[in-house]
Structures are given as C-alpha cells and as structure tokens.
1. Ranked by Cβ crowding within 10 angstrom, fewest neighbours first, how are 31, 113 ordered?
2. Among 81, 68, 173, which one moves the most in a GNM of the chain with springs linking Cα atoms closer than 10 Å?
3. Taking only Cα atoms and a 10 Å spring cutoff, compute GNM fluctuations for the chain and point out the largest among 72, 184, 63.
4. Can you give the angle from 0 to 90° between the axis of helix 2-17 and the longest principal axis of the chain, with both taken from C-alpha atoms, to the nearest 10?
5. Calculated from DSSP H runs of 4 or more alone, at -39500 (n - 2.57) each and per residue, what is the 222 nm mean residue ellipticity of the chain, nearest 500?
6. Starting with the fewest neighbours, write out 162, 92 ranked by other beta-carbon atoms found within 10 Å of each beta-carbon.
7. Helix 120-133 sits at what angle to the longest principal axis of the chain, using alpha carbons and giving 0 to 90 degrees rounded to 10?
8. Name the shape class, rounded, prolate or oblate, that the alpha-carbon gyration tensor gives for the chain, where a ≥ b ≥ c are the square roots of its eigenvalues, rounded holds for a/c under 1.5, and otherwise prolate holds if a/b is larger than b/c and oblate otherwise.
C-alpha cells in the first residue's frame, strides 16, 4: 500500500510539473508565418539580472529557411498577433524580435543576444526540434534549450544545464558568435504591450 501511495504521489508531482499547453489554431499560425532573407541562424537570448548577474530566462530564435520561430520555453512573453504553440512563437519578424528584446530589457534586467550562422539543415533540424518539444515547465527554460542544442550537429559539446548564464558562456565558445547587449530604463513592468508593425 505504501508503494502505491509513493507511486501516486510521484505521478501527481510529474503532472504538476508539466508546462501549460498552448495551441494556436492553424489559420493564425499560417497567417503569421514569417521567413527572413537572413542566413540560417540560431540566436540565443539570455536575460540577466543587473544587480546579481544571475540569469533569469533564456530563449532560442531559430531563423531557418522555411520559417523563423522563437522558442520561449516557460516564458511570459505574449502578443495577440504572434500565435504560440507550446512555447514556440510564430510571426517573428524583425519588429517582433525587437519587441521581444525590449519586453525583457528594463532597469533591473539586461538582454544578451548571441547570433550564430549555421548550415540550413541545422537550422531546419532546430526548428523541428523546438516545434516537437512540447510545453516547458517553469524554471526549465535553459534545460529545454540545452537538451535541444546538444542534438544538433556541431553542438554536441553543449552540456545540459538549468542556468541561463552557463549556457550563454557555453554558446560564446562557438566560433563566429556575434554578441550584443541591450539595457534600457524601462520600469520593472513587462505586461502586455501592443506594438505597431507586428
């Protein structure tokens, strides 16, 4: 009987850890579809606390030839014209990417953006992996991204971690990474903001 109670407790605990599934309708995803003219690129976003230097969030923008999507695992970002399917956000045009950065960059948080051009096949594989990963539980954003990255050719050295800054440092070691940082004086409120051009 005790074993049965333990198993039931574990199952309930696992169910509680599941990310909240979100599934935008087909027509919304098709309407928002966006492909850029950029080279195939993986972009890692790391949101870092200005005072402590600790990472608060990580996300992966996949700019594949077929579509540019944002994997924002367990993220709070939302825009009504950017449909989401289980932490994968569609419609990531340049204004949408700028808005994502601005949404996270404020007085107490800065955003590090790391771009890495990759072969088209790697970008397409990354897109497929993020779209099939499923909803991510809170605090598991970096775990999800590292789990995906280490499956890609050329990224086998990535170690799975829970810490966004650790992943940022690992990503910095790849040759060709272009790094930029964003920090502004917006107040510590990141509620939904509507932006023209998205």
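1. Values: 31 13, 113 17.
The most exposed by this proxy come first: 31, 113.
2. 173
3. 184
4. Around 20 degrees separate the two axes.
5. On the way: 6 runs with 66 residues, N = 198.
Taken over the chain, the calculation gives -10000 deg cm²/dmol.
6. Details: 162 13, 92 25.
Least to most surrounded, the residues fall as 162, 92.
7. Approximately 40 degrees, to the nearest ten.
8. Since a/c stays below 1.5, the shape of the chain is classed as rounded.
Computed from the coordinates by the stated procedures, all read-outs in this text should not be read as laboratory data. Quick caveat, the model's predicted, so the values are computed rather than measured. Please note: Cβ atoms are built from the backbone with ideal geometry, for glycine as well, and neighbour counts cover all protein chains shown.
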